[in-house]
Amino acid sequence: MGNRKCPHCGLVNFADANACRRCMAILFDQPPAPPPAGRSGPPLVIRLGAIGTVVATVLLGWWVSLLATSEPLDGDQRAIVDDAITLLDERGFTRQAFVLRHVTSFRSTDNWWNLYHEHYQAYAATNFPFEIVTLYPWFFELPQDDVERAVVLLHEAHHLLGADEATALRRVWQEKSRLGWTADVYARGKVWKNTREWTQYSAPDVFVCSEDADECDP
C-alpha cells in the first residue's frame with residue numbers, strides 16, 4: 001500500500017497512519033483508480049473469440065453425440081450410395097454430389113436427435129448443419145434403381161446446403177427430368193407417388209392445372 005494523502009489538507013502521511021499528522025483528520029483507504037477510458041474489459045476481439053470457442057465446442061460435442069448414438073452404413077449399403085452419388089455427378093449435380101461424397105456422414109440407424117423427433121415414413125433424414133444423413137430401410141428397398149435413389153439423395157443434399165423441406169421438394173420436382181426421372185417410366189412406383197404427394201402438400205405452386213385437366217402436373 002502507498003502513502004496516504006490527507007483529503008482535507010493535502011499532506012502526504014505514512015502508509016500506516018490512521019490520522020493526518022497536520023490536521024488530525026481520519027485517513028481512509030483510497031479507492032482504486034478507475035481503468036482508463038475505453039478499457040473497461042477485455043478487447044472485443046478476445047470476447048468474440050471466447051464466445052466463438054464456446055459455440056464451436058458445443059457444436060462439436062453435439063456432432064460427436066449424433067455419431068456415437070447411431071450406426072454407419074455397411075459395405076453393401078455404402079456401395080449403393082456411391083453409385084447414386086456418381087449418377088448425380090454425371091447428370092450435372094456436381095455441387096450436391098461433392099457435398100454428399102466429401103462432407104456428409106451417412107448413418108443407417110437413428111441418432112438420439114432423430115429419435116426425439118420421430119421421423120415416420122421417410123426415406124432419409126438430414127441433421128443440418130452437422131451434415132449427417134440417416135438412410136432408412138425404405139431407401140434401399142423401395143426405389144426401382146439408382147435414378148430413384150439419386151432423387152432421394154438430391155433431396156437430402158438440398159437440406160445439407162440449408163434448404164427447408166418445401167424448398168427441397170420443389171427443387172427436386174423441378175429438376176427431376178435432368179436425372180431422367182420421368183412419369184412415363186416411374187409414375188407407378190412408390191418413390192414417385194410419395195414424392196409427388198409430399199410436393200403437392202408442401203410446394204403446391206410447382207403444379208400447374210388446366211381447367212379441363214384431370215390431374216395437375218408441371
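FYI, it's all coordinate maths here, none of it is from the lab. Note that the coordinates shown come from a computational prediction; the quantities given were computed from them, not determined experimentally. Heads up, the Cβs are rebuilt from the backbone with ideal geometry, glycines too, and the neighbour counts pull from every protein chain shown.
Annotations
- FRET efficiency for Phe207 and Glu141, using Cβ-Cβ distance with R0 set to 22 Å, rounded to 0.05: 0.20
- Here, the chain yields an orientationally averaged convex hull projection of 22.7 nm² when only Cα atoms define the hull.
- For the chain, a simple Cβ point-charge model (Lys and Arg +1, Asp and Glu -1, everything else neutral) yields a dipole of about 2280 debye relative to the Cα centre.
- Judged by the ratio a/c of the largest to the smallest principal axis of the C-alpha gyration tensor, the stretch 102-143 counts as oblate, that ratio being 1.5 or greater while a/b is no larger than b/c.
- Helices in the chain, meaning DSSP H runs of at least 4 residues, each add -39500 (n - 2.57). Divided by all residues, the mean residue ellipticity at 222 nm is -14500 deg cm²/dmol.
- Near the amide H of Phe106, within less than 5 Å, lie the amide hydrogens of Val133, all on another chain or at least 5 residues away, with H placed in the peptide plane.
- Taking θ as phi - 60° and the Karplus parameters 6.51, -1.76 and 1.60, the scalar couplings of the stretch 200-205 work out to 4, 6, 8, 9, x, 5 Hz in sequence order, x denoting glycine and proline.
- Projecting the Cα positions of Cys6, Leu115, Ala79 onto the charge dipole of the chain (unit charges on Cβ atoms of Lys, Arg, Asp and Glu, taken about the Cα centre) puts Cys6 furthest along the positive direction.
- Rounded to whole numbers, the Karplus 3J(HN,Hα) couplings from phi for the stretch 174-188 are 6, 9, 4, 5, 5, 8, x, 8, 10, 5, 5, 9, 10, 4, 7 Hz, using 6.51 cos²θ - 1.76 cosθ + 1.60 with θ = phi - 60°, and x at Gly and Pro.
- Extension gain for Val58 to Tyr116 (0.36 nm times residue separation, less C-alpha to C-alpha distance): 19.0 nm.
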